[in-house]
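Here is the structure we will look at.
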Amino acid sequence: MKMTLGGFIVLVMVAITAGCSSKGDTKDGDVAIEDRGAEGADGAVASGAADGSDFSSYSLNDPNSPLSRRVIYFEYDSAEITDADQELLTQHAGFLVANPGQHITLEGNTDERGSREYNIALGDRRALSVQRILELNGVAPDQITIVSYGEEKPAAEGGSEAAWRLNRRVELVY
């Protein structure tokens, strides 16, 4: 069976779209739609993690707490997490381990370059990278929800590198 270039492109686009479709849950990296109707951040304070770290002074609402930093930035077309951000995610993981009733949503975002489908997939890969770090540090998978917004929720408007840098991110929402 001979396939034309146009037929091949359509087949690839269908496969990409099917792989990025939303199913409402996050098992195996599916994209989910977040319900923002109820806030879960009550400012809970942890009282000690399994690894012996003391999280009693960490509050979600304290601007001096390491937990107040809730944005992980990425390089262009990358889902790699820097060493500094891995350390920050270790702090968030400690808080979540110490507070098993607390949940977090990882919101993957991209800049405006690339197709909508590609950006949804890239935002998902970025959120999955953050999820892996949290789970490797002991966070239960059912405490984590992943959402990819792609380019749909920019932090900064404009077509400059400065704006794009701010849009390539994962937001940690408690």
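The values are calculated or read from the model by the stated rules, or taken from the named source; none is laboratory data. Fair warning: this is a prediction, and the values are worked out from it, not measured in the lab. All Cβ positions, glycine included, derive from the backbone under ideal geometry; neighbour counts span all protein chains shown.
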Check: Any residue in the stretch 134-152 that is of a type in the set (Gly, Ala, Ser) and farther than 23 Å from Ile104 by Cβ?
Finding: no
Check: Counting just the residues of the stretch 120-174 that are at positive phi and not in a strand (DSSP E or B), which one comes out modelled with the highest pLDDT?
Finding: Gly138
Next item on the list: Name the residue, out of Ala84, Ala121, Ala79, that is free of Cβ contacts under 8 Å to residues at least 40 places away in the same chain and closer than 21 Å to Asn167 by Cα.
Entry: Ala84
Checklist line | Failed item in (1) in contact with a strand residue (DSSP E or B) (Cβ under 8 Å, 6 or more places away or on another chain); (2) more than 20 Å from Pro154 (Cβ to Cβ), with Gln102 passing the rest | finding: (1)
Check: Does Asp54 qualify as being more than 15 Å from Val173 (Cα to Cα), modelled with pLDDT under 95 and of a type in the set (Asp, Glu)?
Finding: yes
Margin query: For the stretch 86-119, give me the residue count where each residue is within 29 Å of Ser59 (Cα to Cα) and not in a loop (DSSP other than H, G, I, E, B).
Written below: 19
Notebook entry, point to check: Among Glu107, Glu112, which is the only one that is surrounded by 18 or more Cβ atoms within 10 Å (Cβ to Cβ) and touching a residue at least 12 places away in the same chain (Cβ under 8 Å)?
Noted result: Glu107
Next item on the list: Could you please let me know if Glu39 is out of contact with any Asp or Glu (no Cβ under 6 Å at 6 or more places or on another chain) and modelled with pLDDT of 95 or more?
Entry: no
